[in-house]
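First comes the structure, then the notes that go with it.
The values are calculated or read from the model by the stated rules, or taken from the named source; none is laboratory data. All values derive from a computational prediction rather than experimental measurement. Note that each Cβ is placed from the backbone with ideal geometry, even for glycine, and that neighbours are counted across all protein chains shown.
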Amino acid sequence: MANPAFLDTWSDPDTLGIYINQCLSNVNLPILFAHYQGEKEPEYDTLSKFLISSYHMYEIDNFEVDTTHRVSSGPYQIQDLNNNEILLLKNRYYSGSLNYPDTILIKIEPDYLKRKLMFQLGEIDMLDLHFSDIDQFKGDYQIKEAVLDEAAYLSINNIKEYLSDGVLAAALSYLINKDAVCRVALNKSAEMIDNLLPSWAPAAEPMYAYNKSKGRSLIRNMGA
């Protein structure tokens, strides 16, 4: 975290520096682009995963002008950015180890199959590998596994008339075997959670454990 004294050196700001602490996914990249180009208001939760920005940039009227004046302490600075590529340049003022490549070029390709082909052809050096391809690349490539701090969930639109009373929604919740989804559909790359609370919390009781007979019974009682 940059100290206040460094943040206050606004008269001579550092160029944009970043410290990437999570995957640059297709979900987050458009938000980063929009923020960098001044196309939308900053989203603090998302941006905090990418960079440390001076608070001054949020106080000015002309947000777009100020997007090139940010303060950071990361090992790289953004040298160039467009819809296709991000060029990172080593930050010589970084206080940590400088044992990194001088530049990193991140190519933006939304289509996973095209990214995989680019990797196989040697056009890119790293690939965010889909779990279904792990066995294919084992042995010939170095694979690094990382636990992602994220959760996927299935939501039910209770605005729809047939879901508004909650009965059918509850039935569907009982009928979905979430453990099987994790084991089979997601190839054991995820684990099931049934509650917003951590498993060790006293009140962590699953609301809708898999129960096929109970789910079917609810549907039958609806007259469906």
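Here is how the numbers come out for the structure above:
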| quantity | calculated |
| --- | --- |
| Odd one out for residue 112 among (1) closer than 27 Å to residue 82 by Cβ; (2) of a type in the set (Phe, Trp, Tyr); (3) touching a residue at least 40 places away in the same chain (Cβ under 8 Å) | (3) |
| Residues satisfying the stated conditions in the range 198-219, i.e. in a loop (DSSP other than H, G, I, E, B) and either modelled with pLDDT of 85 or more or touching an Asp or Glu at 6+ places or on another chain (Cβ under 9 Å) (or both) | 204, 205, 206, 207, 208, 209, 210, 211 |
| Candidate set from the range 83-127 (those that are loosely packed, with under 13 Cβ neighbours inside 10 Å and charged (D, E, K, R)); member that is nearest to residue 147 (Cα to Cα) | 125 |
| Those residues of the range 112-156 which are outside any helix (DSSP H, G or I) and either more than 20 Å from the chain's Cα centre (by Cα) or assigned by TED's automatic domain parsing to the domain that holds residue 178 (or both), in sequence order | 121, 122, 123, 124, 125, 138, 139, 140, 141, 142, 156 |
| Tally, over the range 117-133, of residues that are closer than 26 Å to residue 185 by Cα and either touching a residue at least 40 places away in the same chain (Cβ under 8 Å) or acidic (Asp, Glu) (or both) | 4 |
| Check on residue 169, farther than 30 Å from residue 79 by Cβ, assigned to a loop (DSSP other than H, G, I, E, B) and of a type in the set (Gly, Ala, Ser) | no |
| Test: residue in the range 168-189 that is in contact (Cβ under 8 Å) with a residue 60 or more places away in the chain, under 30 Å from residue 85 (Cα atoms) and outside the structural domain of residue 82 (by TED's automatic domain parsing) | no |
